[in-house]
Amino acid sequence: MTGAYPKVTVVGAGNVGATTALLLLMKELANVVLIDVAEGLARGKALDLMHMRSNERFGPVVCGTGSYEDTADSDVVVVTAGVPRKPGMTREDLVGINSGIVRSVLEGALDASPDALYLFVTNPLDVMTNLAVSLAGLPPGRLIGMGGVLDTARFTYAISEVTGARPRDIEALVIGAHGEAMVPLVSLATVAGRPLLDVVSPEELAWIREATVQGGAAVVKLLETGSAFYAPASSIVQMIEALLHDTATLHSSCARLNGEYGIRDVSLCVPAVLGSGGVREIIELPLSQDEREQLQRSAESTKAQLERVR
Ligand code: APR
């Protein structure tokens, strides 16, 4: 492995995992280890990416494996191993099978990389992140879930579609559980500096909400097999960049709450400052009463699902 780069292990060499590896390499963020129970899949995709390196000339390297020994001393471990949704399924329908997978992944990964930061993507990711916090015995700030960044990307897309504004001119955030209970912060969103609520009609706002909450399901329905992976992988890589480069930037991340927003002892997507140690700080934004209540409901639904897998 090339020593100049940090080491990121991606568990699960499927659509999300392999696309994450591709982006990490193209952005020259890290050397990558792709690991999968289907070892040939991991090794084959890694070999394909190494062939691609000859054209693209990126610096970092990638290897594929079925053994956690090769993942030793990773700086970040991304967990995408699991089963994706099929049309008509909610993320919550995956909880039984995917919690077993995440348990077995943790056993192997923690032994090999006890000092890593862990990023959970496997759905339902809020439940998986909470499960990992309860199993891993690590400081909760080092176990983070990716969901809010993706939901925020879909919210931004929907606002852009309605207003015609470019994503870079839109400030928006989605917090709460990564599922039907997510909370798009409409009261705080702005378009070219103006409040979203001043620039869209109630009907347009309803469409934006629906397109945000159902964005993932819409992709699942169109694909027929599997779920979204380009925007999820890009969301993962945004978070990894913040962790590896210690950017101290704000990302809606599934992070452990300790009284913030009046909620404790559960990890939920909230505005979090990410840096080299993981979650540095959770920012308490001034939510509307309605948004606060929705966030509370998100916390309760996550806790209830967690009871089923503990
Ligand atoms: N260890 C390692 N890899 C595993 C394990 C395990 N115990 N169990 C399954 N996998 C691998 C599969 O072999 C497969 O290659 O996880 C990979 C999952 O890839 P895909 O089926 O393509 O699923 P993907 O679209 O990448 O989604 C993965 O992310 O967005 C979430 O809901 C999605 O939970 C799902 C996860």
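The values are calculated or read from the model by the stated rules, or taken from the named source; none is laboratory data. Just so it is clear, the structure is predicted and the values come from calculations on it, not from any experiment. Neighbour counts run over all protein chains shown; Cβ positions are idealised from the backbone, glycine included.
Before moving on, here are some points about what is shown:
- Filter pass, ILE283 being surrounded by 14 or more Cβ atoms within 10 Å (Cβ to Cβ), at pLDDT 95 or above and either of a type in the set (Val, Ile, Thr) or farther than 28 Å from PRO114 by Cα (or both): no
- The residue pairs whose first member lies in region 96-117 and is touching a residue at least 40 places away in the same chain (Cβ under 8 Å) and of a type outside the set (Gly, Ala, Ser), whose second member is away from the ligand (no atom under 12 Å from the Cβ) and in a helix (DSSP H, G or I), and whose beta carbons are closer than 7 Å, counting only pairs six or more residues apart or on different chains, are LEU117/ARG142; LEU117/LEU243.
- Qualifying residue in region 212-221 (condition: touching a residue at least 60 places away in the same chain (Cβ under 8 Å), in contact with a Leu (Cβ under 7 Å, 6 or more places away or on another chain) and in the same structural domain as ALA158 (by TED's automatic domain parsing)): no
- Residues that are within 9 Å of the ligand (Cβ to nearest atom) and touching a Ser or Thr at 6+ places or on another chain (Cβ under 9 Å), drawn from region 105-133: VAL105, GLY108, VAL121, THR122, ASN123, PRO124, MET128
- Screening GLY64 against (1) in contact with a Lys or Arg (Cβ under 6 Å, 6 or more places away or on another chain); (2) assigned to a loop (DSSP other than H, G, I, E, B) leaves a single unmet condition, (2).
- So ASP126, is it part of a loop (DSSP other than H, G, I, E, B) and not assigned by TED's automatic domain parsing to the domain that holds ILE240: no
- Positions within region 167-214 being within 26 Å of LEU125 (Cα to Cα) and part of a helix (DSSP H, G or I), in sequence order: PRO167, ALA206, TRP207, ILE208, ARG209, GLU210, ALA211, THR212, VAL213
- Every residue from region 223-271 that is of a type outside the set (S, T, N, Q), within 16 Å of the ligand (Cβ to nearest atom) and either assigned to a loop (DSSP other than H, G, I, E, B) or buried (at least 20 other Cβ atoms within 10 Å of the Cβ) (or both): GLU224, GLY226, ALA228, PHE229, PRO232, ALA233, ILE236, VAL237, MET239, ILE240, CYS254, CYS269
- Subset of region 67-85 [surrounded by 15 or more Cβ atoms within 10 Å (Cβ to Cβ), within 14 Å of the ligand (Cβ to nearest atom) and assigned to a loop (DSSP other than H, G, I, E, B)]: THR80, ALA81, GLY82, VAL83, PRO84, ARG85
- One residue alone among LEU47, LEU29, LEU22 is of a type in the set (A, V, I, L, M), more than 14 Å from the ligand (Cβ to nearest atom) and either assigned by TED's automatic domain parsing to the domain that holds TYR230 or part of a helix (DSSP H, G or I) (or both), and that residue is LEU47.
- Selection of first residues in region 16-43 that are within 8 Å of GLY66 (Cα to Cα) and of second residues that are in a strand (DSSP E or B) and among the hydrophobic types (A, V, I, L, M, F, W, C), restricted to Cβ pairs under 6 Å at least 6 apart or on distinct chains, gives the following pairs, ordered by first then second residue: ILE35/VAL11; ALA42/LEU34; ALA42/ILE35.
- Test: residue in region 294-303 that is part of a strand (DSSP E or B) and surrounded by 14 or more Cβ atoms within 10 Å (Cβ to Cβ): no
- The residue list ALA136, ALA165 contains one member that is farther than 17 Å from LEU34 by Cβ, surrounded by fewer than 22 Cβ atoms within 10 Å (Cβ to Cβ), away from the ligand (no atom under 15 Å from the Cβ) and under 19 Å from the mean Cα position of the chain (by Cα), which is ALA136.
- Of all the listed residues (GLY66, GLY40), the sole one being in contact with a helix residue (DSSP H, G or I) (Cβ under 7 Å, 6 or more places away or on another chain) and among the small types (Gly, Ala, Ser) is GLY66.
- The set of residues in region 211-222 being more than 13 Å from the ligand (Cβ to nearest atom) and surrounded by fewer than 19 Cβ atoms within 10 Å (Cβ to Cβ) consists of ALA211, GLN214, ALA218, LYS221, LEU222.
- Selection within region 21-33 - out of contact with any Ser or Thr (no Cβ under 7 Å at 6 or more places or on another chain) and not acidic (Asp, Glu): ALA21, LEU22, LEU24, LEU25, MET26, LYS27, LEU29, ALA30, VAL32
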